[in-house]
1. Every residue in region 157-179 that is open to solvent by 80 Å² or more (accessible area, probe 1.4 Å), modelled with pLDDT under 95 and more than 14 Å from the ligand (Cβ to nearest atom), please.
2. Of (1) small (Gly, Ala, Ser); (2) more than 9 Å from the ligand (Cβ to nearest atom); (3) open to solvent by less than 10 Å² (accessible area, probe 1.4 Å), Gly132 satisfies all except one. Which?
3. For the subset of region 70-87 comprising residues that are closer than 21 Å to Arg436 by Cα and open to solvent by 10 Å² or more (accessible area, probe 1.4 Å), which member is farthest from the ligand (Cβ to nearest atom)?
4. Please determine whether any residue of region 109-117 is more than 11 Å from the ligand (Cβ to nearest atom), at pLDDT 95 or above and touching a Lys or Arg at 6+ places or on another chain (Cβ under 7 Å).
5. Hey, among Ile335, Ile345, which residue is buried (at least 22 other Cβ atoms within 10 Å of the Cβ), under 16 Å from the mean Cα position of the chain (by Cα) and touching a residue at least 24 places away in the same chain (Cβ under 8 Å)?
6. Take the residues in region 261-284 that are within 18 Å of Ser371 (Cβ to Cβ) and modelled with pLDDT of 65 or more, then tell me which one is most open to solvent (accessible area, probe 1.4 Å).
7. Could you check region 88-108 and list, in sequence order, the residues that are more than 10 Å from the ligand (Cβ to nearest atom) and among the polar types (S, T, N, Q)?
8. If you go through region 200-228 one residue at a time, how many are within 16 Å of the ligand (Cβ to nearest atom) and in contact with a Ser or Thr (Cβ under 9 Å, 6 or more places away or on another chain)?
Amino acid sequence: MILRRALACSRLSQRVALTSSVARWYTPTIYKPDGTTHTVKEELTPLTKHIRDTILATGPISIAQYMQLALTSPIGGYYTRGQVFGREGDFVTSPEISQMFGEVMAVWYVMHWEMLGRPAKTVFVELGPGRGTLMDDIMRAAKRFKPFYASIRGIHFVEKSPELRKLQHDKLGCDWNATITVSDKNDSGKTPLSSVSQHHGGLEVGWHDVLEQVAVDKDCVPLVMAHEFFDALPIYKFEKGENGKWNEILVDVADSNTTPVQPAGLAQLRGSLQSSSSMEDSSASHFKFVRARGITSNAAMVLRDQRFDSLFDKGDRVEVSPESARVMIQLADWISANNGMGLIIDYGADWTQGDTFRGIKNHQFANPLQSPGSMDLTADVDFSYLRFAANGKAKCYGPIEQGSFLHSMGIQARLQQLLQSTSDNKVQKDLVDCYRRLTDIHSMGRVYKVLAVLPNSSKGVPIPFAQPTAEDPDKPATNRS
Ligand SMILES: C[S@@+](CC[C@H](N)C(=O)[O-])C[C@H]1O[C@@H](n2cnc3c(N)ncnc32)[C@H](O)[C@@H]1O
């Protein structure tokens with residue numbers, strides 16, 4: 001009886017009920033197939049309401065669309081909040097753990113600048129710079145290599161979040177009097193477009209929404225960094241059904257009559273993070289995962305590559321990020337056209353994975369469908385997919401494990417220097433802890449990987465990589481043997 005009543009509740013009547021309500025708290029009743037019910041307790045924020053209304057109007061949305069809205073929507077997307085990093089925030093990234101990370105990265109750029117024959121002009125370009133800590137550390141370390149430092153003409157940040165742009169601005173000691181700004185979408189302040197860094201010799205700093213907007217002089221070599229950028233780009237998820245056809249996993253409102261799909265349990269993905277109880281308990285959320293009825297245009301487009309059919313069995317899931325491929329194609333073209341070099345550093349694997357989409361809140365994994373805008377949403381990067389996208393446009397090296405990369409680039413020697421510079425036991429212990437966290441295979445040393453991108457015309461193999469990783473279109477990387 002209860003179930004029948006739920007089925008009778010049409011999407012239209014739900015929408016009317018929702019939009020006519022002025023309450024900030026909307027508590028829909030969820031009717032479960034076993035006849036029991038529960039009530040959603042989660043707050044109906046403007047963003048949650050917007051996503052809910054979108055689904056009620058158009059039907060379930062892709063995970064990619066949900067992710068994009070929850071992370072970057074101007075009405076409360078997670079990255080519009082600014083202060084999300086660090087011990088007091090939701091997660092700590094490698095540059096925020098220790099200055100050693102950025103210093104070692106600077107050494108890599110200096111070595112390859114030497115390898116290129118010391119070009120007279122260079123410019124740094126960072127995708128998704130967060131608080132700006134990594135670039136600040138790179139620039140500080142680069143000052144010790146005077147001829148290299150003298151070649152740097154400026155810094156370009158590709159960053160969508162107005163709040164994070166302000167943090168990056170202040171981190172580099174940019175002068176607000178010299179800053180050109182634009183009104184941000186929330187009108188909550190001024191979003192920096194360009195400025196000069198007082199901490200780094202008056203270098204020009206520019207901000208851009210997308211890489212296409214970054215213009216560099218013909219004879220200026222771009223040095224690109226993308227640290228924990230690709231994991232934030234939207235993914236689609238598909239599951240191979242009993243009939244061998246791919247079904248897309250979508251996001252629906254929790255109180256619709258569709259059957260929910262449980263995400264598989266997550267392994268220890270990001271270093272030593274634990275799962276919070278919300279990971280298992282979806283009852284508080286306004287949203288749920290469902291299977292699409294029939295093949296979606298996303299499934300048709302994203303999985304048209306025959307490899308997905310031959311490599312996966314019934315019941316397998318795959319996560320695919322066409323947006324990552326789009327950015328990678330552009331990055332590879334751009335690096336080749338400008339004779340630059342780039343490092344992509346992120347957690348992930350060199351094959352296609354199936355169930356890594358998750359939320360991160362208060363340093364724990366969380367149910368990604370809970371309270372959109374309140375947590376980071378992320379999925380492991382498929383490096384084989386990035387390399388495949390760049391194939392023929394630029395040379396890719398790796399990925400290799402972060403621990404191995406940092407060791408090869410001299411992180412132990414830098415640790416020794418820092419240890420000798422202080423007699424404070426606590427500082428020394430902290431330094432060693434940070435070093436271990438960045439490099440240990442049970443922490444971030446193995447989960448995080450480093451991929452180098454060099455122009456097609458480049459000669460020589462970048463340190464510490466082996467030969468370029470070749471693509472065999474008939475035998476793509478996969479986690480299946
Ligand atoms: C996980 S944070 C990493 C920050 C920093 N690289 C670090 O490691 O501390 C992701 C960064 O990418 C930015 N970002 C996410 N999606 C983006 C997009 N589509 N375009 C530009 N920036 C984006 C976020 O605002 C944020 O700065």
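1. Result: Trp176, Asn177.
2. Among (1) small (Gly, Ala, Ser); (2) more than 9 Å from the ligand (Cβ to nearest atom); (3) open to solvent by less than 10 Å² (accessible area, probe 1.4 Å), the lone unmet condition for Gly132 is (2).
3. As a first pass, look at region 70-87 and keep what is closer than 21 Å to Arg436 by Cα: 85-87.
Right, trim to open to solvent by 10 Å² or more (accessible area, probe 1.4 Å) and you get 85, 87.
Values: Phe85: 6, Arg87: 13 Å.
That would be Arg87.
4. No.
5. Working: Ile335 fails: under 16 Å from the mean Cα position of the chain (by Cα).
So the residue among Ile335, Ile345 that is buried (at least 22 other Cβ atoms within 10 Å of the Cβ), under 16 Å from the mean Cα position of the chain (by Cα) and touching a residue at least 24 places away in the same chain (Cβ under 8 Å) is Ile345.
6. For region 261-284, the residue satisfying everything is Pro263.
7. Ser98, Gln99
8. The total comes to 6.
The values are calculated or read from the model by the stated rules, or taken from the named source; none is laboratory data. In this text, all values refer to a predicted model and were calculated from it rather than measured experimentally. FYI the Cβ positions are ideal-geometry reconstructions off the backbone, even for glycines, and counts take in every protein chain you see. Quick note on the areas: whole protein, heavy atoms, side chains included, nothing else; ligands and nucleic acids left out. Shrake-Rupley method; radii C 1.70, N 1.55, O 1.52, S 1.80 Å.
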